[in-house]
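Here is the structure we will look at, set down as structure tokens.
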Amino acid sequence: MGPFQDLNPIQNDSGVFVVTCIKDGVPTIVDIGECKDLRQQLQNHDRRDCWLIKCRNGDMSFFVKYAGYSRHKIDEELRNYYGNGNLCRDNE
């Protein structure tokens with residue numbers, strides 16, 4: 001679901017998230033992850049500073065997929081496909 005620029009419509013359920021940034025009309029994936037409480041984690045995520053830095057002068061938005069136990073597999077598949085060393089989590 002998404003894109004969401006406001007976190008309020010995102011449910012506090014478990015799932016996978018993709019953080020994107022649009023600069024000069026070009027979308028970029030900033031980060032991919034999974035968590036138990038999507039809205040709460042997106043509001044307080046420990047990589048949020050990285051998202052803000054990577055999206056300086058751009059428009060940040062979030063895509064979410066609500067998923068229970070399968071969220072780990074979905075996260076792994078998305079990171080394998082889109083992770084090119086430029087995601088915030090790649091710098092940990």
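Every number in this text was worked out from the coordinates using simple rules, so none of it is lab data. This is a predicted model, so every value here is computed, not measured. Cβ atoms come from the backbone with ideal geometry, glycine included; neighbour counts cover every protein chain shown.
Under a plain spin-label model, where a point goes 7 Å from the Cα along Cα-to-Cβ, how far apart in nm are ASN8 and LYS73?
My value for the distance between the label points is 3.6 nm.
Could you give the spread of the C-alpha atoms of the chain along their three principal axes, from largest to smallest, in whole angstroms?
Projected onto its principal axes, the Cα set of the chain covers 36, 29, 22 Å.
What is the spin-label model distance, in nm, from ASN57 to TYR81 if the labels are put 7 Å beyond Cα along the C-beta direction?
Each label point is offset 7 Å from its Cα along the Cβ direction, giving 3.1 nm.
Where in the chain is the longest stretch that carries no trypsin sites (Lys or Arg not before Pro) classed as loop by DSSP and with at most 14 other Cβ atoms within 10 Å?
Values: sites that count: LYS36, ARG56.
The longest such stretch corresponds to 57-92.
Find the cysteines in the chain that fail to meet the 4.7 Å Cβ criterion with every other cysteine, and list them.
By the Cβ distance rule, which asks for a partner under 4.7 Å, the isolated cysteines are CYS35.
Using Cβ contacts closer than 10 Å as the measure, can you line up THR20, THR28 from fewest to most?
Working: THR20 20, THR28 13.
Final ranking by Cβ density, sparse to dense: THR28, THR20.
Helix-only estimate, please: 222 nm mean residue ellipticity of the chain, summing -39500 (n - 2.57) across DSSP H runs of length 4 or more and dividing by its residues, to the nearest 500.
Values: 3 runs with 26 residues, N = 92.
For the chain, the value works out to -8000 deg cm²/dmol.
Across the chain, how many lysine pairs, 8 or more positions apart or on different chains, have C-alpha atoms separated by under 17 Å? Please give the number. Each step should come with its number before you reach the end.
Details: LYS23/LYS54; LYS36/LYS65; LYS36/LYS73; LYS65/LYS73.
The number of close lysine pairs in the chain is 4.
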